[in-house]
1. Being polar (S, T, N, Q) and surrounded by fewer than 21 Cβ atoms within 10 Å (Cβ to Cβ) is the filter; apply it to the range 299-314 and report the residue that is farthest from Asp85 (Cα to Cα).
2. For the range 325-352, give me the residue count where each residue is in contact with a Lys or Arg (Cβ under 8 Å, 6 or more places away or on another chain) and modelled with pLDDT of 95 or more.
3. Please state which of the following conditions Asn155 fails to meet, knowing it meets all the rest: (1) touching a Ser or Thr at 6+ places or on another chain (Cβ under 9 Å); (2) buried (at least 19 other Cβ atoms within 10 Å of the Cβ); (3) polar (S, T, N, Q).
4. Please work out if Gln352 is surrounded by fewer than 20 Cβ atoms within 10 Å (Cβ to Cβ), touching a residue at least 12 places away in the same chain (Cβ under 8 Å) and among the polar types (S, T, N, Q).
5. From (1) at pLDDT below 95; (2) more than 14 Å from the chain's Cα centre (by Cα); (3) not assigned by TED's automatic domain parsing to the domain that holds Ala286, pick out the condition that doesn't hold for Ala126.
6. Starting from the range 257-281, keep only residues that are touching a residue at least 24 places away in the same chain (Cβ under 8 Å) and within 19 Å of Asp346 (Cα to Cα), then list their pairs with residues that are β-branched (Val, Ile, Thr) and assigned to a strand (DSSP E or B) whose Cβ atoms are within a distance under 6 Å, requiring at least 6 positions of separation or different chains.
7. Provide a single number: the residues in the range 41-90 that are closer than 30 Å to Ala264 by Cβ, small (Gly, Ala, Ser) and either touching a helix residue (DSSP H, G or I) at 6+ places or on another chain (Cβ under 6 Å) or in contact (Cβ under 8 Å) with a residue 40 or more places away in the chain (or both).
8. Please give the helices (runs of 4 or more DSSP H) falling wholly within the range 193-252 in which 2 or more residues are under 25 Å from Gln92 (Cβ atoms).
Amino acid sequence: MKLAKTTVSILAVAALSLGAACGGPPDKDAGNDTEAAGATSAEDLGGMDALVKAAEKEGELNVIALPPTWANYGNIIKGFENKYDITVNSAQPDAASQDEINAATSLKGTKRAPDVFDLGQAVALANTSMFAPYKVETFDSVPAEFKDENGTWVNDYGGFMSIGYDSAKVPEVTSLNDLLGKEFKGKVALNGDPTQAGAAFSGVVMAAVAAGGSADDIAPGVDFFGKLKDAGNFLPLDPTPATIESGQTPVVIDWDYTNAAETAKLPSWKVVVPSGAAVGGYYYQAVNKDAPHPAAARLWQEYLYSDEGQNLFLGGGARPVRADAMQADGTLDEDLYGKLPQVEGDPVLPTQEQTKTAGEYLSKNWSKVAG
């Protein structure tokens, strides 16, 4: 698998072979159809036409934590609704990965529970018992290292950590150390809490790598944010398109595709992937085993991993997980692919074990920065 014009030697992020996360009996009061809830592929329901029919009969799909500008999810949702007679209910668009799990737990057995998840690695791998295995029709074209062999989870899109900044308000940024300067007082925001949000977690890893640490040793990353706070530069505010465009968060550490989305609305907004600190990552897609709309949940997966869905991710500046296979068969949008930010050096993609260790360190030490 290639990440934006640079060949990556991928560590076995998905080397862990997870067993099928089979759930208990579906909750009929929540509209959870028994046959659809147990389907591990469209064939289990009689093929794609049968899946579409079952999903359109349900008529709704509940998603959560999908901002419209994040990886082009606004257009992905519209595309799904236009293609099928299904209404997408999008809850808490600015929520973090852990909020998705919390919502699924608190709303279990109701029609408002999320049908699907889109999660950062740490949260995803800690909650696989909540996922229903499902293999989309294009499952075989997803590289083995980006999926569980049973389809319990599958990576959908990825990117690199970056620094987005308003060049009309702050000096040029070429490295993380630039952010420690007095010109950045009260202006640097991190997208989320790294103990809960995948983007923020990867932001700390990026800072660690830039400071001489690694995915195995993120202490220098936490130390960096401590220095940022001591300098008065760290802004404890979750950035959104509104805060960026209003000037509240003139510097944002976030995924390159999220930062890049702002360039269309704010011409002075620049995006840089720091040299020598390229930290990549893929998000994890899964079906909630207690989904109130199990057929729609599975059809959503089919859409996301179709050529159409994957190119829509690319339209948002994210790197679709099926890019190599699509490039080989001529279905990848080459114009969009050619516009992805250049990345220098060998990208760091934390493994499951590294993510777990880093998460444990953050849970004990991030309060020094956030407190």
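1. Only one residue fits best here, namely Asn311.
2. First pass over the range 325-352, keeping only residues in contact with a Lys or Arg (Cβ under 8 Å, 6 or more places away or on another chain): 340, 342-343.
Narrowing the set further to residues that are modelled with pLDDT of 95 or more leaves none.
So the count comes out to 0.
3. Every listed condition holds for Asn155 apart from (1).
4. Working: surrounded by fewer than 20 Cβ atoms within 10 Å (Cβ to Cβ): yes; touching a residue at least 12 places away in the same chain (Cβ under 8 Å): yes; among the polar types (S, T, N, Q): yes.
Considered against the rule, which asks whether it is surrounded by fewer than 20 Cβ atoms within 10 Å (Cβ to Cβ), touching a residue at least 12 places away in the same chain (Cβ under 8 Å) and among the polar types (S, T, N, Q), Gln352 comes out as yes.
5. For Ala126, the exception is condition (3).
6. Between residues of the range 257-281 that are touching a residue at least 24 places away in the same chain (Cβ under 8 Å) and within 19 Å of Asp346 (Cα to Cα) and residues that are β-branched (Val, Ile, Thr) and assigned to a strand (DSSP E or B), the close pairs are Val272/Ile163; Val279/Val348.
7. Qualifying residue count, the range 41-90: 3.
8. On the way: elements: 198-210, 219-230, 241-246.
The helices (runs of 4 or more DSSP H) meeting that bar are 198-210, 241-246.
The values are calculated or read from the model by the stated rules, or taken from the named source; none is laboratory data. Everything numeric in this text was worked out from a predicted model, so none of it was measured. Glycine gets a Cβ as well: all are built from the backbone with ideal geometry, and neighbour counts include every protein chain shown.
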